[in-house]
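Before any comments, here is the structure.
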Amino acid sequence: MQSPWKTAFITTGVFWIFSAMPAYAENQTPTINANVEFRVSSPDLKKINGARVLVISDNGTIMANGLTNSEGIWDTKLQVTQDPRFSNIREMGTVTAIVFAQGFNEEVVFEVPVYPNSIQPVSLVPIQPGKRNEPVKWLGNLHRHDIGRMVDRYANETGLAKQPGVSGTFGNAAWSPSIKR
Amino acid sequence: MSGLIKSLVSFFVVAFTLFFGESTKAPAQEINTIYNTAYPSVIRVAIRAYNNPSGPILWVQTVGFQEYCSDVLANEWIPSWNPEALRAGAIAVKMFAWYHSLHPVTASGWIYDVDNTTNYQEFKYQSGTYQTDLAVRDTWRMAYTPANGEILPLNYRSGIPFNANWSFIGSNFMSQWGSEYWASTAKMSYLNILALFYRGDSIHMI
């Protein structure tokens with residue numbers, strides 16, 4: 001026979017676990033499993049074999065690394081958390097990549113998008129005598145339409161007004177710094 | 001006497017025409033049409049830093065013309081969009097590039113046909129996807145021009161997401177989001193989508 005204290009302890013424990021579960025679920029950011037294809041080339045359109053690509057996660061750790069093949073391609077599967085800035089646009093995470101290749105400066109690519117079958121081209125800068133030859137920084141292959149929708153989302157959330165259209169232009173007007181009345 | 005004067009005047013008129021007539025006439029500007037102009041084999045792309053329209057030109061890349069179209073379409077249209085929207089986009093991207101390859105510019109000491117930004121069309125080398133490459137190949141033998149076949153740019157803009165973009169209809173500017181809307185919602189073909197936005201032009205096989 002169980003003691004009343006033991007029964008009360010177990011009941012309280014079970015209650016606590018079940019009551020905490022919804023909050024736990026809410027705090028979990030969705031995970032995305034996807035492959036990213038890195039395509040590494042030089043400015044004169046040569047595909048670079050044997051370039052090493054490091055992938056840095058959003059918590060700053062190296063999550064993958066590998067070498068490009070003779071086509072300059074390295075394909076890798078990644079598991080990343082959803083980037084909340086794009087959560088209303090598509091299921092997408094973002095990582096940072098660093099690329100090293102013989103005869104070229106290192107290249108850091110920020111905001112590499114990760115979604116099914118995403119592609120990240122990387123054009124490396126050759127090491128040149130007499131130049132500073134420092135690491136090069138570049139931005140990831142975020143799509144123009146995703147950027148436009150992200151801007152719309154935050155402008156709408158802030159309640160911004162659109163700027164008046166400019167003659168000679170066609171299409172959407174840009175957002176203004178003013179709040180809508 | 002008056003007969004002599006007339007003869008002299010006629011003589012000088014004929015002589016003037018013979019000596020100066022051709023050189024005073026403005027040279028006729030031949031227009032580039034799909035009938036007298038082949039696709040370029042390559043196109044010169046000025047690479048601006050960060051694909052930023054105001055960025056400095058870092059170098060000029062000479063790219064195969066079809067490869068250029070493939071590496072633009074993936075950045076201008078979303079690769080997961082309806083294939084008919086992608087085909088309409090492929091034709092617009094190609095006609096725009098073809099026109100500019102015939103009208104190069106010189107800036108900051110560089111000679112180029114287009115740059116890699118939305119000053120022209122967003123280009124990223126090796127960014128083509130399976131779907132967008134397919135759309136470029138499917139429409140490669142097609143040109144979209146006025147009746148005389150003149151090679152003119154097919155302009156386009158983003159437009160409003162998930163919207164018919166009525167204001168673009170018949171404007172000679174295609175809405176990219178509009179092309180996706182009409183392909184997905186109204187199940188229109190790429191030829192009908194092009195006809196919707198570009199008034200008076202039609203498809204030609206080349």
* Considering the zone a paramagnetic label at residue A:134 would reach in this model (a point 7 Å from Cα along the Cα-to-Cβ line), which residues of region A:97-128 have amide N under 14 Å from it? -> A:106-108
* To do: Could you work out how far apart the two model spin labels at residue B:54 and residue A:176 are, taking each label as a point 7 Å from the Cα in the direction of the beta carbon, and quote it in nm?
  => 2.0 nm
* To do: Please state the charge dipole magnitude for region B:42-205, taken about the Cα centre, from unit charges on C-beta atoms (+1 on K and R, -1 on D and E), reported in debye and rounded to the nearest 20.
  => 100 debye
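Can you give me the span-like helices of chain B, meaning DSSP H runs with 30 Å or more of Cα extent along the axis and Kyte-Doolittle mean at or above 1.0?
Working: long enough: B:2-24 (31 Å, 1.37).
Long hydrophobic helices here: B:2-24.
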* Got a sec? How would A:136, B:93 order by Cβ neighbour count within 10 Å, fewest to most? -> A:136, B:93
* Asked: When the Karplus curve 6.51 cos²θ - 1.76 cosθ + 1.60 is applied with θ = phi - 60°, which whole-Hz ³J(HN,Hα) does each residue of region A:33-48 get, with x for Gly and Pro?
  -> 10, 7, 9, 10, 9, 8, 10, 9, 9, 10, x, 8, 6, 7, 7, 9
* Structure fact -> Percent of all alpha-carbon pairs of chain B at distances over 24 Å, whole number, is 49 percent
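With the Cα gyration tensor of region A:31-141 giving a ≥ b ≥ c as the square roots of its eigenvalues, does the rule (a/c under 1.5 for rounded; else a/b larger than b/c for prolate; else oblate) give rounded, prolate or oblate?
Working: a/c = 2.21, a/b = 1.79, b/c = 1.23.
In terms of gyration-tensor shape, prolate.
Quick one: A:153, B:87, B:199, fewest Cβ neighbours within 10 Å first, how do they rank? Working shown, then result.
Working: A:153 15, B:87 25, B:199 10.
Placing the least packed residue first, the sequence is B:199, A:153, B:87.
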* **Ranked B:144, B:99, criterion: other C-beta atoms within 10 Å, fewest first** => B:99, B:144
* Can you list the residues, at least 5 places off or on another chain, whose amide H is less than 5 Å from the amide H of residue A:78, using H built in the peptide plane? -> A:34, A:35, A:36
* Asked: If one computes the Cα centroid of region A:64-89 and of region B:90-108, what distance in Å separates the two points?
  -> 32 Å
* Asked: Among B:61, B:206, B:149, which residue has its Cα positioned farthest towards the positive end of the charge dipole of the protein assembly as shown, with +1 placed on the Cβ of Lys and Arg, -1 on the Cβ of Asp and Glu, and the dipole taken about the Cα centre?
  -> B:149
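Please label the shape of the protein assembly as shown as rounded, prolate or oblate, based on the square roots a ≥ b ≥ c of the eigenvalues of the alpha-carbon gyration tensor (a/c under 1.5 means rounded; beyond that, a/b larger than b/c means prolate, else oblate).
Numbers: a/c = 2.86, a/b = 1.99, b/c = 1.44.
Cα axes put the protein assembly as shown in the prolate bin.
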* Shape parameters for region B:91-206, alpha-carbon atoms, Rg then Dmax in Å -> 14.8, 48
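If R0 is 30 Å, what FRET efficiency do you get for residue B:138 and residue A:35 from their C-beta distance, rounded to 0.05?
Details: r = 26 Å, r/R0 = 0.85.
After rounding, the FRET efficiency stands at 0.70.
Read the figures in this text as sums done on the coordinates, not as results from a lab. This structure is a prediction, so every number in the text was calculated from the model and none was measured. Cβ atoms come from the backbone with ideal geometry, glycine included; neighbour counts cover every protein chain shown.
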